[in-house]
Amino acid sequence: MKKYDVIIIGAGPAGIVTGVTVKKYYPEKSVLILTEEKKGLVPCGIPYIFNKLNSVEADAMGPKPLLNLGGEVIVDSVTDVDLKQKIVYGNSNQEYGYDKLVFATGSTPTEATFIKGHNLENVFYIKKSYRYIQELFEKLENKKRIVIVGGGFIGAEVAEQLAAYPDKEITIIETEPQCFSKAFSKELSKMATERLRNTKVNVRTSAMVEEIIGTQGAVEKVILKEGEEIPADVVILSVGYKPNTNLAVKAGLPLNIMGAIKVDSYERTSVRDVCAVGDCSQTIGFLTGRSDHIMLASTATAEARVLGYNLFGIRIRKHFKGTLAVFSTKINGLTMASAGINENTAKDANVDFLTAEFTDVDRHPGTLPDASPLTVRINFSPCDGAILGAEVWGGPTAAEIINTLSLAIQKYITVYELISFQIGTHPLLTGAPTKPVIIKAAEIAIGMLNSNK
Ligand SMILES: Cc1cc2nc3c(=O)[nH]c(=O)nc-3n(C[C@H](O)[C@H](O)[C@H](O)COP(=O)(O)OP(=O)(O)OC[C@H]3O[C@@H](n4cnc5c(N)ncnc54)[C@H](O)[C@@H]3O)c2cc1C
């Protein structure tokens, strides 16, 4: 049996970044990734396979960065782990010994077992699997009527992409009054849903699927609770993801109340030399310190860097005490992004906040041909002006502006400090230096705090 210093189970973003970071920081250590499939996918790119990329291969993601650093990758699905003997068992009957073990087994789509007919032929999920998505891609080529169940960002992004084909009829069914309601405030969810409606997508909100009906085993129509029937050649179920922890549970690792592997601030489980990272591991809410349920590639890779640097002893301290969901998307030309609390999460955590908003254009002068409107909304504490959350929407720069605001939240910056925030501007790249959107929103916030006194 060959023994490695580090074995990582899973070659998603978390597994690869952990491996690369370990090899960069500890080049003498042997690192092996065990993976289920030879080829992986850029998970966030999956919706774009169905139109913009128009190919599964164009979204392929591999472990080349790890191989380039001298790491090893073996395609062998792990079936068992003996945490006492420090042995990993592969489906190929191979055994691998380790010093440090990392679970990076990710997440899998939540099965919609609560919908009758969920297991009919031509009912699919958005799985992060090259083989599976290849099959779905080929299947969709000559199918006309596609019903997507679930209007979160994944369902909505897939719907938007498929709707760009003139010969396809796309329906999305969402139980909430708006799509995107988990990621965005009511107002922004509404805007995003309207954007989606302005494509060819038939958006059905406040609607619930009762049953999927098929003849000879293959899907034919979707029945809504109210009795309405929607004809369908393919149904895509996009009702959430859950941590993939079967292997960890089998090995005896404890889970938290969200069903994710319990870890400390450095991704270490309660078993010595065993860690877990990415979607399969627990997240702690940034503001609340409570168990949270954030599954994003950006979060997974941040955790992976923390783990990689500190796997053989804490060397670079982790500088976030909890996970801040930072999220962006683009639907029908509108970029939308959020970080930290919004009205839904604040209500849930009983956090008081005020909101200040400023809109301008993202070029100066605004008469430049590619200028787009840009709105920044800051959610801040009425007690001390600390920024607790933000939303930005409009032109494409919204996606990077939210990252700046994310840093502000993580560093407990207040709206008072934003007044002296030093920025760079350029006519072709940003709004005007006379009215930078973040700073103007902060000025409005300070006005509100002053009038509150
Ligand atoms: C369609 C879609 C769009 C998304 N868009 C975004 C986005 O825009 N921004 C963003 O931040 N996040 C996005 N996400 C979320 C993001 O994809 C996940 O957070 C990310 O994939 C987590 O990475 P991971 O490495 O933890 O897990 P995964 O990507 O799930 O990888 C886990 C890997 O482990 C392997 N594995 C599991 N069990 C075993 C085993 N027993 N043996 C060997 N290998 C095993 C799996 O095959 C898989 O390759 C999106 C997700 C989807 C599905």
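What follows draws every value from the coordinates through simple rules; no lab data is involved. Just so you know, these numbers come straight off a predicted model, no measurement behind them. Cβ placement follows ideal geometry from the backbone for every residue including glycine, while neighbour counts extend to all protein chains displayed.
Legend: Rg and Dmax of segment 105-207, from Cα coordinates, 13.9, 38 Å. Looking at the chain, the DSSP beta bridges with both ends there are about 60 percent antiparallel. With R₀ set to 56 Å, the beta-carbon distance separating LYS2 from ASN119 gives a calculated FRET efficiency near 0.90. At R0 = 56 Å, how high is the FRET efficiency between GLU357 and TYR25 if r is their beta carbon distance? Nearest 0.05 is fine. The computed FRET efficiency comes out at 0.85.
Based on the Kirkwood radius over alpha-carbon pairs, what is the Stokes-Einstein translational diffusion coefficient of segment 3-126 at 37 °C with 0.692 mPa s viscosity, in µm²/s? Once the numbers are plugged in, D ends up at 204 µm²/s.
Applying a DSSP loop filter and a limit of 16 other Cβ atoms within 10 Å to the chymotrypsin sites (Phe, Trp or Tyr not before Pro) in segment 367-452 leaves TYR412, PHE421. Sorted largest first, the principal axis extents computed over the alpha-carbon atoms of segment 388-453 equal 40, 25, 21 Å. Taking trypsin sites (Lys or Arg not before Pro) across segment 29-131, the ones in a DSSP loop with at most 10 further Cβ atoms lying within 10 angstrom of their Cβ are LYS84. From a point 7 Å beyond the Cα of ALA432 in the direction of its Cβ, which residues of segment 362-392 have a backbone N at a distance under 13 Å? The answer is 362-368, whose backbone nitrogens lie closer than 13 Å to the label point. Distance from the Cα centroid of segment 401-428 to that of segment 1-73 is 33 Å (rounded to whole angstrom). Each residue in CYS44, CYS275 was given a count of other beta-carbon atoms within 10 angstrom of its own, and listing them fewest first yields CYS44, CYS275. Kirkwood-type hydrodynamic radius, segment 1-65: 13.1 Å, calculated from all non-identical alpha-carbon pairs. Ordered from longest to shortest, the equivalent ellipsoid semi-axes for segment 199-301 are 39, 17, 12 Å, each the square root of 5 times a Cα gyration tensor eigenvalue.
Taking GluC sites (Glu not before Pro) in DSSP loop conformation with at most 14 other Cβ atoms inside 10 Å as exposed sites, the chain has its longest uninterrupted site-free stretch at 229-453. Amide H contacts under 5 Å for CYS275: LEU101, VAL102, PHE103, THR269, restricted to partners 5 or more places along the chain or on a different chain, H placed in the peptide plane at 1.01 Å from N. Segment 89-141 and segment 295-342 have Cα centres separated by 24 Å. Can you pull the percent of Cα pairs in segment 333-452 with separation above 22 Å? That fraction is 30 percent.
Does anything in segment 270-293 have its amide N under 15 Å from the 7 Å Cα→Cβ label point of LYS321, and if so which residues? What the label zone holds, given the 15 Å backbone N cut-off, is 284-291.
The base-10 log of I(q)/I(0) for the chain, evaluated at q = 0.05, 0.07, 0.10 Å⁻¹, reads -0.20, -0.40, -0.81 [Debye formula, identical scatterers on Cα atoms, solvent excluded].
Filter LYS139/LYS225; LYS127/LYS182; LYS318/LYS411 down to the pairs with a C-alpha to C-alpha distance above 25 Å, please. Flagged as over cut-off: LYS139/LYS225.
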